[in-house]
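The values are calculated or read from the model by the stated rules, or taken from the named source; none is laboratory data. Since the model is a prediction, treat every value here as computed from it, not as a measurement. In this analysis, Cβ positions are derived from the backbone assuming ideal geometry, glycine residues included, and neighbour counts consider all displayed protein chains. These area figures cover heavy atoms from the full protein model, side chains too; ligands, DNA and RNA do not enter into them. Shrake-Rupley method; radii C 1.70, N 1.55, O 1.52, S 1.80 Å.
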Amino acid sequence: MAQLIDGRSISDKIKNNVKIEVENLKKSGIGVCLAVVLVGNDPASKIYVKNKRIACEKVGIVSKEIVLDEKISESELLSVISNLNTDSKINGILVQLPLPKHLNETKVINSIDPLKDVDAFCPVNVGKIMIGKCDFLPCTPAGVLDLIDSTGVSVCGKNCVVIGRSNIVGKPMAMLLLNRSGTVTVCHSRTKDLKSFTQNADILISAVGISKFVKADMVKPGAIVIDVGINRGENGQICGDVDFEGVKEVAGYITPVPGGVGPMTIAKLMENALKAAKIQFES
Ligand code: GUN
């Protein structure tokens with residue numbers, strides 16, 4: 001029976017540390033401010049943005065929410081970001097994705113000042129991750145690393161399998177594991193005989209977005225299983241990519257959904273906003 005990795009308690013510890021550092025900075029007259037840009041009315045995005053605001057309030061970071069009309073033109077949005085880039089009171093900028101279809105997501109993300117890019121999505125920061133010299137670690141993959149570290153198991157030399165190749169999770173996740181000297185395989189929708197890879201994984205990370213996709217017979221006994229998925233089950237309930245009830249009987253460690261990776265992403269965002277303020281203060 002797997003040990004549960006409690007993302008809520010680990011993320012609370014991270015947020016408490018951020019809170020202490022934010023308070024100390026305040027004593028030196030430095031505030032930390034995160035701008036969150038939300039375009040349109042996507043219900044899931046609204047919930048994510050609300051959770052980010054609540055986390056900011058908890059750790060003492062000022063959250064500046066900028067809600068823009070769904071029909072905003074690309075040039076107007078770029079102008080909003082340009083103003084945030086030059087505003088010295090703003091330390092971090094996050095544009096909530098996905099954006100409405102008429103907006104070029106890559107162009108918008110690329111317009112964020114790399115020193116304020118707390119998501120680590122822009123090409124400069126993605127490049128820095130590739131060479132292991134990043135200012136900001138991307139929030140979800142960085143949170144996953146902390147969850148793995150909490151088990152006391154070292155990534156070095158382990159077979160790590162990441163299912164999913166998105167720019168937000170799969171690709172940076174693979175790079176962070178490689179930077180830790182894991183032997184990394186990235187599987188995806190075109191992978192043939194997925195099970196033959198996952199069954200050899202000491203560390204298995206799923207980010208596919210399909211409910212109960214990872215079954216017990218795909219998992220190596222004793223493996224660390226990290227579930228990045230946030231999906232809706234048949235009855236509308238939140239569930240992960242992993243068939244938790246089955247897999248927990250085989251794995252050594254497992255994250256629940258909710259209460260696993262989700263809270264970690266927000267905690268790591270708080271860390272990045274704090275780091276952005278420190279970098280800007282020092283430069
Ligand atoms: N949409 C889903 N996940 C994320 C994230 O981590 N950052 C941003 N900006 N948008 C998202």
Check your understanding: Filter segment 103-114 for residues that are part of a helix (DSSP H, G or I) and open to solvent by 20 Å² or more (accessible area, probe 1.4 Å); which is farthest from Gln3 (Cα to Cα)?
Key -> Lys107
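A quick yes/no check of all residues on (1) of a type in the set (A, V, I, L, M); (2) out of contact with any strand residue (DSSP E or B) (no Cβ under 6 Å at 6 or more places or on another chain); (3) under 20 Å from Asp42 (Cα atoms):
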position	(1), (2), (3)
Ile61	yes, no, no
Glu70	no, yes, yes
Asn91	no, no, no
Thr106	no, yes, yes
Phe121	no, yes, no
Point to revise | Among the residues listed as Phe281, Phe197, the single one being within 22 Å of Pro172 (Cα to Cα), of a type in the set (Phe, Trp, Tyr) and part of a helix (DSSP H, G or I) | key: Phe197
Check your understanding: Would you call Met218 within 16 Å of the ligand (Cβ to nearest atom), of a type outside the set (Gly, Ala, Ser) and in contact with a Leu (Cβ under 9 Å, 6 or more places away or on another chain)?
Key -> no
**Study point:** Among residues of segment 115-160, those that are surrounded by fewer than 18 Cβ atoms within 10 Å (Cβ to Cβ) and part of a helix (DSSP H, G or I), counted
**Key:** 6
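Under the condition of being assigned to a loop (DSSP other than H, G, I, E, B) and closer than 13 Å to Val36 by Cα, which residue from segment 69-98 is most open to solvent (accessible area, probe 1.4 Å)?
Ranking the candidates gives Leu97 first.
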Study note, to complete from the structure: Condition set over 17 Å from the mean Cα position of the chain (by Cα) and part of a helix (DSSP H, G or I), scope segment 55-68, selection nearest to Phe281 (Cα to Cα): answer is Val59
Study note, to complete from the structure: Pairs returned, first residue in segment 256-273 that is open to solvent by 10 Å² or more (accessible area, probe 1.4 Å) and of a type in the set (D, E, K, R), second residue that is within 13 Å of the ligand (Cβ to nearest atom) and not in a helix (DSSP H, G or I), beta-carbon separation under 8 angstrom, 6 or more apart or interchain, are Lys268/Leu137
Revision key, fill the gap. Result of the Cβ filter at 7 Å on segment 1-24, keeping first residues that are farther than 20 Å from Lys278 by Cβ and partners that are open to solvent by 90 Å² or more (accessible area, probe 1.4 Å) and modelled with pLDDT of 95 or more, at least 6 apart or interchain, is Met1/Glu249
Check your understanding: In segment 200-220, what count of residues is obtained for those that are in a loop (DSSP other than H, G, I, E, B) and within 27 Å of Cys156 (Cβ to Cβ)?
Key -> 7
Check your understanding: Can Val49 be described as within 16 Å of the ligand (Cβ to nearest atom), at pLDDT 95 or above, more than 22 Å from Ile279 (Cα to Cα) and among the β-branched types (Val, Ile, Thr)?
Key -> yes
Review point. Any idea which residue in segment 185-207 is farthest from Cys160 (Cα to Cα), counting only those that are surrounded by fewer than 21 Cβ atoms within 10 Å (Cβ to Cβ) and aliphatic (A, V, I, L, M)?
Key: Leu194
Check your understanding: Of the residues that make up segment 99-121, is at least one over 13 Å from the mean Cα position of the chain (by Cα), within 12 Å of the ligand (Cβ to nearest atom) and in contact (Cβ under 8 Å) with a residue 40 or more places away in the chain?
Key -> yes
Practice item. Taking only segment 11-46 into account, find how many residues are under 22 Å from Ile66 (Cα atoms) and either assigned to a helix (DSSP H, G or I) or within 22 Å of the chain's Cα centre (by Cα) (or both). Key: 15
Check your understanding: Here are Val32, Val67, Val36: which of them is in contact with a Leu (Cβ under 9 Å, 6 or more places away or on another chain), more than 16 Å from the ligand (Cβ to nearest atom) and not hydroxyl-bearing (Ser, Thr, Tyr)?
Key -> Val32
Practice item. Output the number of the condition that Val162 fails; it satisfies all remaining conditions of (1) touching a helix residue (DSSP H, G or I) at 6+ places or on another chain (Cβ under 6 Å); (2) of a type outside the set (Phe, Trp, Tyr); (3) within 11 Å of the ligand (Cβ to nearest atom). Key: (3)
